[in-house]
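Here the structure is laid out as structure tokens; the discussion comes afterwards.
The values are calculated or read from the model by the stated rules, or taken from the named source; none is laboratory data. Model, not experiment: these values are computed from the prediction. These accessible areas exclude ligands, DNA and RNA; they are computed on the full protein's heavy atoms, side chains included. Shrake-Rupley method; radii C 1.70, N 1.55, O 1.52, S 1.80 Å.
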Amino acid sequence: MASIAEVLGRLTPEELEELHSLGPNGHLPRHLVEALDRAAGGPGSGRGYYVPTGNVTATGGPLLVLRSDVSGWLFSSRHDDPETLPRHNN
């Protein structure tokens, strides 16, 4: 599994901003789950970076949030500037 910094560093500034706007316990919409998967290496690869809450959506799908250490890293590293995150190219 890649480091948290490497994976989050592969997200676009817009994706990082949206994660930040959701807050540390915000439910991840499908497009952000897909972005985390892409950043981690492909479909399903981001599963270690987000976890189910135990609740489900109205359609029966699991509600997902950032894993606590990923959320902690993002929110302690950001300091109101998404450019402070290390950027890594694929």
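The table below lists the values:
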| read-out | value |
| --- | --- |
| Difference of contour (0.36 nm per residue) and Cα-Cα distance, N25 to N55 | 9.5 nm |
| Per residue solvent-accessible surface (Å²) - region 16-74, probe of 1.4 Å | 53 Å² |
| Protein accessible area in region 1-82, 1.4 Å probe - carbon and sulfur % | 54 percent |
